[in-house]
Every structure is written in structure tokens, then in C-alpha cells.
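Worksheet: the structure to be examined is printed underneath.
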Amino acid sequence: MIIKLKKLNKKLISKNYVDWMNNYEITKYLDQHNKKHTITSVTKYVEDINKSKNDFLFGIFVKKTNKYFHAGNIKLGRVNNIHKTGMISLFVGNIDFHNKNIGSTAISKICKIAKNKGLYKVYAGCHKSNIASQKAFLKNSFFKDGVQKKHATVGKKREDFIWYGLFLDK
């Protein structure tokens, strides 16, 4: 599968994207799961991120039958130019692309972008029950960087939040 990262902009925001953001099963591991999203609110979010000098938001686009489909998003955020670090966050919203290594491939691509920006280390966190994200980070040679005990909730259940890191100087 061919996967491309495209900087998100207003033109790439669709009803499907908004529907993902309002689907609890897709967003249960995101801080966005308890909000009601609209085209207007998602557009404002994308525009605000695009104004930032420390956050870079990309759509994950997958080529299928000679056409690219928006599968999800990945962000290199909280870029700290003093420490040369940045945080990766992502989700695959289009369920047609779940369990197809889309997230893992997108992580690999965003790490190259981070390295080209001169970053030394990237990091990411996920809920303990988010096995797909853990596998995607480990597949990209991330190491377990720490655990925050019972730090997050999924539904009404408290669980650990696991941090992963990757040095980009190799």
C-alpha cells in the first residue's frame, strides 16, 4: 500500500473526517472523544495548528485503486527547538484501513520529517489497552520510556499511560 502524508488544510476536511471524530470507538484513546465535532470546529483546529510554529499536522492518505483516501491523521507536535524533541500523535479514523500497518508506516514517515527538522528525539504516549499503537511504535524501534500509573481513563476505567521514545541520531 502506498501511503502519503499531506499537510492538512481546510480543503481536506470532509464529513467523513468529522464523523470519525464523533465516533467513540475511533476516538476513545484521544482526548477528543468527549467533544462534539463539526466541520467548523475541525476546520478551526486545523487552521490553529497550521498557525503554530511547533506543531505540524498531516493527513494520512492511502492509495487504493489509483486514488488517495484520507485514512487518518498524524501530528508532530510540541516541537522544542532548544531540546530538539517533538511528540507524535496519530489515529487511523477510516475503519477500512484498520489493521493494515497504516499507523506504523505513518510513524516511520513522520520520524523522517522530524529528523529533517533537526530533532534529536521524538516521543509518544498511549493507553495501556491501545495495543495497536504500542505495536506500531515498537515496530519503528521506539523504546519504552516510562509509565504513568493509572494516569488515563478509557470509559470509566483507569489505566496506565505508556510513553515511548526514539532517538533520531542513528
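Report whether or not Phe56 is at pLDDT 95 or above, crowded, with 17+ Cβ neighbours inside 10 Å, within 27 Å of His151 (Cα to Cα) and among the aromatic types (Phe, Trp, Tyr). Show your work before the answer.
Numbers: at pLDDT 95 or above: yes; crowded, with 17+ Cβ neighbours inside 10 Å: yes; within 27 Å of His151 (Cα to Cα): yes; among the aromatic types (Phe, Trp, Tyr): yes.
So Phe56 fits the description; yes.
If you go through segment 90-129 one residue at a time, how many are under 17 Å from Ile3 (Cβ atoms) and small (Gly, Ala, Ser)?
6
Inside segment 97-115, can you point out the residues that are of a type in the set (D, E, K, R) and either touching a residue at least 24 places away in the same chain (Cβ under 8 Å) or outside any helix (DSSP H, G or I) (or both)? Reasoning before the result, please.
Pass one, segment 97-115, residues of a type in the set (D, E, K, R): 100, 109, 112, 115.
Once the filter is applied, which keeps residues that are of a type in the set (D, E, K, R) and either touching a residue at least 24 places away in the same chain (Cβ under 8 Å) or outside any helix (DSSP H, G or I) (or both), segment 97-115 yields Lys100, Lys109, Lys115.
For segment 118-129, give me each residue that is more than 29 Å from Arg158 (Cβ to Cβ) and either exposed (fewer than 15 other Cβ atoms within 10 Å of the Cβ) or of a type in the set (Phe, Trp, Tyr) (or both). Steps first, please.
From segment 118-129, those more than 29 Å from Arg158 (Cβ to Cβ) are 118-120; that's our starting set.
Within segment 118-129, Gly118, Tyr120 meet the criteria.
Does segment 76-85 include one or more residues that are crowded, with 20+ Cβ neighbours inside 10 Å and either part of a strand (DSSP E or B) or over 17 Å from the mean Cα position of the chain (by Cα) (or both)?
Initial filter on segment 76-85 (crowded, with 20+ Cβ neighbours inside 10 Å): 76, 79.
After this cut, where a residue has to be either part of a strand (DSSP E or B) or over 17 Å from the mean Cα position of the chain (by Cα) (or both) as well, the list is 76, 79.
Yes, some residue in segment 76-85 is crowded, with 20+ Cβ neighbours inside 10 Å and either part of a strand (DSSP E or B) or over 17 Å from the mean Cα position of the chain (by Cα) (or both).
Inside segment 47-70, can you point out the residues that are more than 10 Å from Leu5 (Cα to Cα) and assigned to a strand (DSSP E or B)? Break it down into steps so the answer makes sense when it comes.
Looking only at segment 47-70, we keep the residues that are more than 10 Å from Leu5 (Cα to Cα), and these are 47-56, 63-69.
Within segment 47-70, Phe56, Lys63, Lys64, Lys67, Tyr68, Phe69 meet the criteria.
For the condition on the phi > 0 side of the Ramachandran plot and either in contact with a Gly (Cβ under 6 Å, 6 or more places away or on another chain) or modelled with pLDDT of 95 or more (or both), what is the one hit in Lys84, Lys6, Lys63?
Working: Lys6 fails: on the phi > 0 side of the Ramachandran plot; Lys63 fails: on the phi > 0 side of the Ramachandran plot.
Among Lys84, Lys6, Lys63, only Lys84 is on the phi > 0 side of the Ramachandran plot and either in contact with a Gly (Cβ under 6 Å, 6 or more places away or on another chain) or modelled with pLDDT of 95 or more (or both).
If you check Asn73 against the conditions, is it assigned to a loop (DSSP other than H, G, I, E, B) and closer than 20 Å to Asp31 by Cα? Outline the logic, then answer.
Values: assigned to a loop (DSSP other than H, G, I, E, B): no; closer than 20 Å to Asp31 by Cα: yes.
No; evaluated as a whole, the condition is false for this residue.
Return the residues of segment 72-81 that are touching a residue at least 40 places away in the same chain (Cβ under 8 Å) and in contact with a Gly (Cβ under 7 Å, 6 or more places away or on another chain); say none if nothing qualifies.
Gly72, Asn73, Leu76, Val79
What do you reckon, is Gly93 touching a residue at least 60 places away in the same chain (Cβ under 8 Å) and small (Gly, Ala, Ser)? Talk me through it step by step, then tell me what you get.
Working: touching a residue at least 60 places away in the same chain (Cβ under 8 Å): yes; small (Gly, Ala, Ser): yes.
In short, yes.
How about segment 116-170: which strands (runs of 3 or more DSSP E) wholly inside it have at least 3 residues that are of a type in the set (Lys, Arg) and more than 18 Å from the chain's Cα centre (by Cα)?
none
Quick check on segment 31-46: of everything there that is exposed (fewer than 14 other Cβ atoms within 10 Å of the Cβ) and not in a helix (DSSP H, G or I), which residue is modelled with the lowest pLDDT?
So the residue we want is Asn34.
Give the residues of segment 20-30 that are in a helix (DSSP H, G or I) and touching a residue at least 40 places away in the same chain (Cβ under 8 Å), sorted by residue number.
Filtering segment 20-30 down to residues in a helix (DSSP H, G or I) leaves 20-21, 24-27.
Answer for segment 20-30, where residues must be in a helix (DSSP H, G or I) and touching a residue at least 40 places away in the same chain (Cβ under 8 Å): Trp20, Met21, Ile26, Thr27.
The values are calculated or read from the model by the stated rules, or taken from the named source; none is laboratory data. All figures in this text were calculated on a predicted structure; none of them were measured in a lab. For neighbour counting, all protein chains shown are included, and Cβ atoms are generated from backbone atoms with ideal geometry for every residue, glycine included.
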